[in-house]
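Could you have a look at this structure, given as structure tokens, before my questions?
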Amino acid sequence: MPDPVISLDRVTRVFPAEPPVRALAEVSLAVRRGDHLAVVGPSGSGKSTLLNTLGLLDRPTSGSYLLDGVETTALKDGARTRLRGERIGFVFQSFHLLAHRTALENVMLAEVYRGRGPSRAGRRERAERALARVRMEHRAGFQPNRLSGGERQRVAIARALLGEPSLLLCDEPTGNLDGHNTGLLLDLFDDLRDQGHTIVIITHEDEVSERAGRRIRITDGELWEE
Ligand code: ADP
Ligand code: MG
């Protein structure tokens, strides 16, 4: 069996409100290296809370979250931020690329912002390799406004892959793409899985969830494997 990347054990997240909101209710989940998993569920079901928890952007109220075997719930903020930078690549619906930088610079800057990353030497080569993995090397010098939506998302994925994260966490990655580009992006996710990457995608599109190896439905903060 491949190593577990994610291990959630009875994770609950309660938001203080009147009455309190239980956005995650004793959720348990194991994701192993190379898994390709889609999380689907209606609005308000807890998808963002789950994503924020997995991405170490939010802390459970109770329960345990092991990332690569490291218990994250008790870590101090600095250690959590460091672990997030080292182990997690984020992909967002709206790409979040810098407008006045080229594709290559957008990828290179990921290392700069991550801080304490590898040294400057080789930064350009690492970014070029990441662009090549998403088949965007021929657009390295283009700024985002000269790229299609699908190409922008490929650059964003190259940026997320830099530093070899254990986990690629994608929030509605095809939400701004047309059908053709969605298909191309799903092909890319297949390639990445074949290369051994672990991918969790939050989506409400059937086409996306049907292509994933595992499908998890979330309803009222509870998970069901389909
Ligand atoms: P989804 O992403 O599936 O739409 P969320 O994870 O954003 O759902 O929200 C799950 C539930 O938690 C919802 O009922 C939402 O209103 C509630 N919630 C989310 N964030 C907060 C917050 N900061 N304070 C109070 N309630 C929240
Ligand atoms: Mg949401």
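The values are calculated or read from the model by the stated rules, or taken from the named source; none is laboratory data. Model, not experiment: these values are computed from the prediction. Don't worry about glycine lacking a Cβ; one is built from the backbone with ideal geometry, like all the others, and counts go over all protein chains shown. Please note that ligands, DNA and RNA were not included when accessible areas were found on the heavy atoms of the full protein model with its side chains. Shrake-Rupley method; radii C 1.70, N 1.55, O 1.52, S 1.80 Å.
Of (1) of a type in the set (Val, Ile, Thr); (2) crowded, with 18+ Cβ neighbours inside 10 Å; (3) more than 13 Å from the chain's Cα centre (by Cα); (4) within 11 Å of ligand 1 (Cβ to nearest atom), Val27 satisfies all except one. Which?
(4)
Can I ask one more? How many residues, within region 36-57, are more than 9 Å from ligand 1 (Cβ to nearest atom), of a type outside the set (Val, Ile, Thr), touching a residue at least 40 places away in the same chain (Cβ under 8 Å) and touching a helix residue (DSSP H, G or I) at 6+ places or on another chain (Cβ under 8 Å)?
Going through region 36-57 one residue at a time, the tally reaches 3.
Select from region 100-149 the residues that are surrounded by 16 or more Cβ atoms within 10 Å (Cβ to Cβ), assigned to a loop (DSSP other than H, G, I, E, B) and in contact (Cβ under 8 Å) with a residue 40 or more places away in the chain and list them in ascending order.
Matches in region 100-149: Thr102, Gly117, Val134, Phe142, Gln143, Leu147.
Regarding region 18-31, can at least one residue be identified that is away from ligand 2 (no atom under 13 Å from the Cβ), in a loop (DSSP other than H, G, I, E, B), of a type in the set (A, V, I, L, M) and more than 13 Å from Leu223 (Cβ to Cβ)?
no
Examine region 152-164 for a residue that is of a type outside the set (S, T, N, Q) and within 16 Å of ligand 2 (Cβ to nearest atom), and state whether such a residue exists.
No: region 152-164 contains no residue that is of a type outside the set (S, T, N, Q) and within 16 Å of ligand 2 (Cβ to nearest atom).
Within region 150-180, work out how many residues are over 30 Å from Leu83 (Cβ atoms), part of a helix (DSSP H, G or I) and either touching a residue at least 40 places away in the same chain (Cβ under 8 Å) or open to solvent by 30 Å² or more (accessible area, probe 1.4 Å) (or both).
Qualifying residue count for the region: 3.
Of Leu67, Leu56, Leu97, which residue is under 20 Å from Thr174 (Cα atoms), of a type outside the set (Gly, Ala, Ser), surrounded by 16 or more Cβ atoms within 10 Å (Cβ to Cβ) and at pLDDT 95 or above?
From the options Leu67, Leu56, Leu97, the qualifying one is Leu97.
Only residues that are farther than 16 Å from Asp58 by Cα and in contact with a Gly (Cβ under 9 Å, 6 or more places away or on another chain): list them for region 10-33, please.
Ser28, Arg33
What residue, among those in region 72-94 that are β-branched (Val, Ile, Thr) and more than 19 Å from Pro173 (Cα to Cα), is farthest from the chain's Cα centre (by Cα)?
Thr73
Just checking, how many residues over region 33-62 are under 24 Å from Glu210 (Cβ atoms), within 16 Å of ligand 2 (Cβ to nearest atom), among the hydrophobic types (A, V, I, L, M, F, W, C) and not in a helix (DSSP H, G or I)?
Summing the residues that are under 24 Å from Glu210 (Cβ atoms), within 16 Å of ligand 2 (Cβ to nearest atom), among the hydrophobic types (A, V, I, L, M, F, W, C) and not in a helix (DSSP H, G or I) in region 33-62 gives 3.
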